[in-house]
1. Go ahead and estimate [θ] at 222 nm for the chain from helices alone: -39,500 (n - 2.57) per DSSP H run with n ≥ 4, summed, over the residue count, rounded to 500.
2. Go ahead and collect, in residue order, the members of region 95-132 whose backbone nitrogen is under 15 Å from a label point 7 Å along the Cα-Cβ direction of Asn2.
3. Please identify the DSSP H helices in the chain that span no less than 30 Å along the helix axis (Cα) and have a mean Kyte-Doolittle hydropathy of -0.5 or more.
4. Can you tell me the FRET efficiency between Ser36 and Phe12 if r is taken as the Cβ-Cβ distance and R0 is 25 Å, rounded to the nearest 0.05?
5. Dividing the alpha-carbon radius of gyration of region 35-89 by 2.2 N^0.38 Å (N being the number of residues), what value is obtained?
6. If you keep only loop residues by DSSP, which chymotrypsin sites (Phe, Trp or Tyr not before Pro) in region 1-62 have at most 15 other Cβ atoms within 10 Å of their Cβ?
7. For region 98-129 and region 14-29, what is the centre-to-centre distance using only Cα atoms, to the nearest Å?
8. Loop-only check: which GluC sites (Glu not before Pro) in region 35-102 are DSSP coil with at most 15 other Cβ within 10 angstrom?
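Values quoted throughout were computed directly from the atomic coordinates according to the rules given, and no laboratory measurement underlies them. What you are looking at is a predicted structure, and each value in this text was computed from that prediction instead of being measured. Cβ placement follows ideal geometry from the backbone for every residue including glycine, while neighbour counts extend to all protein chains displayed.
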Amino acid sequence: MNERRKKTIISFLLSLLISGVVFVIVFFARRNYLISGYCDAFFVSGIVSLAIPVFILLIRTGSFDVLNYGMYRFFESFKKDKEKRWDSALDYKNYFGEKREKNKPVVYPYFIIGFTLFLVSIILLSIFYSSIN
């Protein structure tokens, strides 16, 4: 099994696990055991599953590199040895840019699971409203 397939399977399993945990928490926290309770739980777990890859892609663009570098320098100032890991912010950016190019995450399983859960919540919502009328 190649590395890309292994990452895809792990991403699918992780997405299912996270979505399942969020579903159970929302479903039992609301204590609404009707169709509307299922709809709410599927909706929230779908949105969480869709938000994860968005944050992964946002972080991978380097949006938080300045903040990370600043925090690294701040905590580095408290070390006894004054050896710097990176000479400048450009070195930091280049180091993590190369690291990002080598290690690309698989995010489409999160989108698939998230859209599926979101679609299930819309279907349950339409069933709920059609049963009211």
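1. Result for the chain: -27500 deg cm²/dmol, rounded to the nearest 500.
2. 104, 106
3. On the way: long enough: 3-30 (40 Å, 1.24); 35-60 (38 Å, 1.80); 108-132 (36 Å, 1.91).
In the chain, the long hydrophobic H runs are 3-30, 35-60, 108-132.
4. 0.30
5. Details: Rg = 19.5 Å, N = 55, 2.2 N^0.38 = 10.1 Å.
Scaled against compact globular proteins, the figure is 1.93.
6. Tyr33
7. 14 Å
8. Glu83
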